[in-house]
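The values are calculated or read from the model by the stated rules, or taken from the named source; none is laboratory data. The model shown is predicted, which means the values in this text are computed figures rather than measured ones. Here the Cβ positions follow ideal geometry from the backbone for every residue, glycine too, while neighbour counts run over all protein chains shown.
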Amino acid sequence: MRIYNTAKGIILQTDTENYIFQDDWDRLINAEALYVELDDKMKHADRLSEQQMVTICDQFLLPPIGNQEVWAAGVTYLRSRDARMEEAKAAGGGDFYDKVYEAERPELFFKALPHRVAGHNGAVYIREDSTWNVPEPELTLFINSAGKIAGYTVGNDMSSRSIEGENPLYLPQAKVYEKSAALGPCLYIPSGPISPDTTITMSIHRDSQVCYKDSIKINRMKRSLEELADYLCRACYFPQGSFLMTGTCLVPDNDFTLREGDRVEISIEHIGTLINKVKVWKPGHNGSRIDN
Ligand code: DO4
Ligand code: MG
């Protein structure tokens, strides 16, 4: 089942039907037996036609997040380790990435509060003071307040490779800024864990051309999803649950950097496609963005 957070209510989608009902997003997604509760909701919810579903999602779709923190795991795939080692070599920081890839403890970092998260069809930003920018397509876990993986969504961990490569201690500035995280379009709630055979695909579109496209299966990850969730919840309690991006496995070649106007599309089997337009963040005198 998939649930969509919209300004008109919560849409529940099965393989054949769409329903809408009213509920509190944070309460619902933290329900002890979410799959069973959604199954029950279907009996009382209003049915939507395919056309109604499309219309509501076009106009009223919100990111699938309420009051949760967003965290991210790093260097969970070999491709990410290699890319970071290269970008940090000149600054002498390359070894850190190899060490964390092999270590028992994973790299986990704070990524965003809900107001910095873009949803499906929203804008993601690159920093004006960064010269090398990439999207990072990541399977993202919803971990409920009991510390259990209860759902999955598509995530984009927008990153500045120039700032991160200059010094590993600049990681928070490379990773945390306005709308540097995107989540959506929905939360996928299967009856059991997501299949390790699941494929992630990312394409980047510029001037009506596809300038990057690649896919990989999540079974190429070095760590298990449960291991990442366990580390996150070891010394942090999340009363409303949390989102955890699980690391990138697709990295464009080193001569690629995002530009304003690019469109990033990330698809994960079973979940759907998250689409975001890229913009450059230009802070105004009061800290808000000046749109050109
Ligand atoms: O260590 C830096 C960040 C790594 C990351 O975001 C990733 O591997 O996805
Ligand atoms: Mg990442």
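Only one of the numbered conditions (1) surrounded by fewer than 24 Cβ atoms within 10 Å (Cβ to Cβ); (2) modelled with pLDDT of 95 or more is violated by G165, and that is (2). Against the list (1) away from ligand 2 (no atom under 16 Å from the Cβ); (2) among the aliphatic types (A, V, I, L, M); (3) closer than 30 Å to R220 by Cα, the condition A83 fails is (1).
Take the conditions within 16 Å of ligand 2 (Cβ to nearest atom), more than 20 Å from G66 (Cβ to Cβ), of a type in the set (S, T, Y) and not in a helix (DSSP H, G or I) and apply them to T248. Does it pass? The answer is yes for T248.
A quick yes/no check of all residues on (1) touching a His at 6+ places or on another chain (Cβ under 8 Å); (2) exposed (fewer than 14 other Cβ atoms within 10 Å of the Cβ); (3) acidic (D, E); (4) not assigned by TED's automatic domain parsing to the domain that holds N276:
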{"position": "A7", "(1), (2), (3), (4)": "no, yes, no, yes"}
{"position": "I11", "(1), (2), (3), (4)": "no, no, no, yes"}
{"position": "R27", "(1), (2), (3), (4)": "no, yes, no, yes"}
{"position": "Y35", "(1), (2), (3), (4)": "no, no, no, yes"}
{"position": "M42", "(1), (2), (3), (4)": "no, no, no, yes"}
{"position": "R79", "(1), (2), (3), (4)": "no, no, no, no"}
{"position": "A88", "(1), (2), (3), (4)": "no, no, no, no"}
{"position": "Y97", "(1), (2), (3), (4)": "no, no, no, no"}
{"position": "L108", "(1), (2), (3), (4)": "no, no, no, no"}
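All of E107, E128 fail the test of being within 15 Å of ligand 2 (Cβ to nearest atom) and of a type in the set (D, E), apart from E107.
Going through (1) away from ligand 1 (no atom under 16 Å from the Cβ); (2) at pLDDT 95 or above one by one, V70 falls short only on (1). Taking every residue in segment 17-38 that is in contact (Cβ under 8 Å) with a residue 60 or more places away in the chain and pairing it with any residue that is of a type in the set (F, W, Y) and assigned to a helix (DSSP H, G or I), at least 6 positions away or on another chain, yields no pair with a Cβ-Cβ distance below 6 Å. Annotation note: of P190, P283, P239, P196, the sole residue that is modelled with pLDDT of 95 or more, more than 28 Å from I56 (Cα to Cα), surrounded by fewer than 22 Cβ atoms within 10 Å (Cβ to Cβ) and touching a strand residue (DSSP E or B) at 6+ places or on another chain (Cβ under 9 Å) is P196. Under the condition of being near ligand 1 (Cβ under 9 Å from one of its atoms) and among the aliphatic types (A, V, I, L, M), the residues counted in segment 73-87 number 3. Being part of a strand (DSSP E or B) and among the basic types (K, R) is the filter; apply it to segment 251-288 and report the residue that is farthest from V154 (Cα to Cα). Taking the candidates together, the pick is K279.
So that you can scan it fast, the table gives a plain yes or no per residue for (1) more than 17 Å from I275 (Cβ to Cβ); (2) basic (K, R):
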| residue | (1), (2) |
| --- | --- |
| F110 | yes, no |
| D129 | yes, no |
| P135 | no, no |
| L171 | yes, no |
| L183 | no, no |
| I200 | no, no |
| R206 | no, yes |
